[in-house]
Amino acid sequence: MSIDVIALLVAAGIAGGLVNAIAGGATLITFPAMLAAGLPPIAANASNAVAVTPGHLVAALADRSKWPPCDAAMAVAVAAAIVGGTLGAVLLLVTPERLFTLLVPVLVGLATLIYAAAGAIQAGIVAVIGKSHRGDAVARPALLGLTSVYGGYFGAGLGVMLLAVLSISGREDVRSANALKNLLATAVSITTLTIFTVQDIVRWRETLIMLAGAIAGGFIGGRLVKVLPASLVRRIVIAIGTTMTLVYAWRIWLA
């Protein structure tokens, strides 16, 4: 591996860790970096999924006091996330490389759109929570499962999508819904990590290099969170995602 590729992965990891600590959206930086490092799209997606897993886990553990009780409803929600994540990961594995390559602009563009609309989605969540009725025993797990399929397949924007599902199908307050969202995202991430590792499609050198950068970036972001406006970081991430969507669309569809 050349020094240029190592520098790219470290820099992307640092940037991803920093923006995740402040505003979220690391995948819109780290996935393109994996592609730029020369990984095939499916391997880049799987490796990126492994690299961002610790972020979900740390977020889940940081607010564990707001986890819902470990009852049957909680078990069903986690099971739906695991099953959905499994189906998404398997779907990725059976997708031909060429087809997934053609989908890259769509996936990055969709993730950028979800990320850009996160503020509006979260505002809607605040309005809905307290007014919504609890989803029945079928609807909520089904919605969580479908969302987790997307998470297992690509994953960028999964947190926003899970939070939206939880807000319209339960009675958790905002913080409890966010804590449950982090827990379910962790379940999806660990499931996909396990499957991708067993199937040996993770490029561990690139993943560990990026992960080291992400840890450093998370530390830096934790220090800068009070002085660097989240709105500015969000605009930068949206600009990157939009640019990458256009670049991939040109290279893959038109060039």
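The values are calculated or read from the model by the stated rules, or taken from the named source; none is laboratory data. Treat the numbers as computed from the prediction; the structure is a model and nothing was measured. With ideal geometry, Cβ positions are generated from the backbone for all residues, glycine too; neighbour counts draw on all protein chains shown.
Among the listed residues Leu162, Leu211, Leu254, which satisfies the condition of being under 15 Å from the mean Cα position of the chain (by Cα) and farther than 22 Å from Val83 by Cβ? Outline the logic, then answer.
Details: Leu162 fails: farther than 22 Å from Val83 by Cβ; Leu254 fails: under 15 Å from the mean Cα position of the chain (by Cα).
That would be Leu211, the only listed residue that is under 15 Å from the mean Cα position of the chain (by Cα) and farther than 22 Å from Val83 by Cβ.
Being in contact with a His (Cβ under 6 Å, 6 or more places away or on another chain), of a type in the set (Val, Ile, Thr) and over 14 Å from Asn45 (Cα atoms) is the requirement here; does Thr191 meet it?
Details: in contact with a His (Cβ under 6 Å, 6 or more places away or on another chain): no; of a type in the set (Val, Ile, Thr): yes; over 14 Å from Asn45 (Cα atoms): yes.
In short, no.
It is to be established whether one or more residues within the range 215-227 are closer than 30 Å to Ala80 by Cα, under 20 Å from the mean Cα position of the chain (by Cα) and aliphatic (A, V, I, L, M).
So the first thing to find is which residues in the range 215-227 are closer than 30 Å to Ala80 by Cα, and the list is 215, 218.
Cutting the leftovers down to under 20 Å from the mean Cα position of the chain (by Cα) gives us 215, 218.
Remaining after also requiring aliphatic (A, V, I, L, M): 215.
Yes, the range 215-227 has at least one match.
If you check every pair at least six apart or on different chains, which have Cβ atoms under 8 Å apart with a residue in the range 86-101 that is in contact (Cβ under 8 Å) with a residue 24 or more places away in the chain first and a residue that is exposed (fewer than 14 other Cβ atoms within 10 Å of the Cβ) second?
Qualifying pairs under 8 Å: Leu93/Gln199.
When both residues are 6+ apart or on different chains and their Cβ atoms are under 6 Å apart, which pairs have a first residue that lies in the range 239-255 and is more than 11 Å from Gly109 (Cα to Cα) and at pLDDT below 95, and a second that is of a type in the set (Asp, Glu) and part of a helix (DSSP H, G or I)?
Close Cβ pairs (under 6 Å, with a partner that is of a type in the set (Asp, Glu) and part of a helix (DSSP H, G or I)) do not exist here.
Listed here are the residues, each with its yes/no results for (1) more than 30 Å from Ala77 (Cα to Cα); (2) modelled with pLDDT under 90; (3) hydrophobic (A, V, I, L, M, F, W, C).
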| residue | (1), (2), (3) |
| --- | --- |
| Ile201 | no, no, yes |
| Glu206 | yes, no, no |
| Ile220 | yes, yes, yes |
| Leu228 | yes, yes, yes |
| Val233 | yes, yes, yes |
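Only one residue in Gly24, Gly16 is in a helix (DSSP H, G or I), small (Gly, Ala, Ser) and under 17 Å from Ala111 (Cα atoms), so which one is that?
Gly16
Which of the following residues is farther than 16 Å from Ile195 by Cα, in a helix (DSSP H, G or I) and modelled with pLDDT of 85 or more: Leu113, Leu93?
On the way: Leu93 fails: farther than 16 Å from Ile195 by Cα.
Selected residue: Leu113, the only one of Leu113, Leu93 that is farther than 16 Å from Ile195 by Cα, in a helix (DSSP H, G or I) and modelled with pLDDT of 85 or more.
If I ask for residues that are touching a residue at least 40 places away in the same chain (Cβ under 8 Å) and of a type in the set (A, V, I, L, M), which ones from the range 23-43 would you list? Spell out the reasoning first.
We begin by selecting, within the range 23-43, every residue touching a residue at least 40 places away in the same chain (Cβ under 8 Å); these are 23-35, 37, 39-43.
The answer is Ala23, Ala26, Leu28, Ile29, Ala33, Met34, Leu35, Ala37, Leu39, Ile42, Ala43.
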